[in-house]
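What follows is a single structure, written as structure tokens, with notes after it.
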């Protein structure tokens, strides 16, 4: 029974960790896309409204990705709790360390 639980936990980890990396990559790509649209418009010296609808859609998609990232982080914490509940505390499934809290606090720092 322990082996089956361990195998299932490893299977979940093998999918969760890449999913977390993939959503980060998607956020980066959509952000670069938004930058390309703005920089392209400036370079071409076309009206501010050029590409506006597409830019709005890209930024909405990026916001959705950021939300999805938060949900994956919460799922990660929930799976860590499940790991404990099924008696697998002694095992590690690829995390670099302890999971951060699901809800965090960002701090504003002064520019150097």
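In table form, for the structure just shown:
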read-out	value
Total residues in segment 1-28, condition without any contact (Cβ under 8 Å) to a residue 24 or more places away in the chain and touching a helix residue (DSSP H, G or I) at 6+ places or on another chain (Cβ under 9 Å)	0
Enumeration of residues in segment 37-55 that are part of a helix (DSSP H, G or I) and loosely packed, with under 12 Cβ neighbours inside 10 Å	39, 42, 43, 44, 53
Cβ-Cβ under 8 Å pairs, at least 6 apart or on other chains, segment 41-67 side free of Cβ contacts under 8 Å to residues at least 24 places away in the same chain, far side exposed (fewer than 15 other Cβ atoms within 10 Å of the Cβ) and part of a loop (DSSP other than H, G, I, E, B)	41/48; 41/50; 44/50
Selected residue (only one of 34, 61, 75 is closer than 30 Å to residue 4 by Cα and either surrounded by 12 or more Cβ atoms within 10 Å (Cβ to Cβ) or modelled with pLDDT under 95 (or both))	75
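The values are calculated or read from the model by the stated rules, or taken from the named source; none is laboratory data. It should be emphasised that the depicted structure is a prediction, and the values quoted were computed from it without experimental measurement. Every residue, glycine among them, receives a Cβ derived from its backbone with ideal geometry; neighbour counts consider all protein chains shown.
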